[in-house]
């Protein structure tokens, strides 16, 4: 005999797999997310670097890298910052669930930033199309 809850749970799994993808990270704590993302980042560039190599590049102890990967203890913000710098990320990106190393999350730009970037782009395109007459003489 199936309960109502059991029916909806099985219905969700069968009919709406996207719902599981969207909410899968909700059960993970920050230590788990960090460990998974660090592992993902280490695997993103073959050959996979050793924990010691990652620690040396980040300027932290190898035991810290090991503890992060094993989720055995919480870590410091400075360790997260140091690890993020290796992959040219911001620390908050290290804590973003299911980080894709090839397409890390970005913060949406403000309207003023979008306008400024558009002006810079337009100026660069205009310059590329018609550089000043004396440009090559400089």
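Bear in mind that the values in this text are calculations on the coordinates, not laboratory data. The model shown is predicted, which means the values in this text are computed figures rather than measured ones. Using ideal geometry, Cβ is built from the backbone for each residue, glycine included, and neighbour counts are taken over all protein chains shown.
Computed quantities for the displayed model
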| quantity | calculated |
| --- | --- |
| Residue order, fewest to most surrounding Cβ atoms within 10 angstrom, among 32, 75 | 32, 75 |
| Protection proxy ranking, peptides 76-87, 100-111, average beta carbon neighbours within 10 Å, highest first | 76-87, 100-111 |
| Ranked packing of 48-60, 114-126, most packed first, by mean Cβ within 10 Å | 48-60, 114-126 |
| Gyration tensor (alpha-carbon) shape descriptor, the range 28-94, a/c threshold 1.5 | rounded |
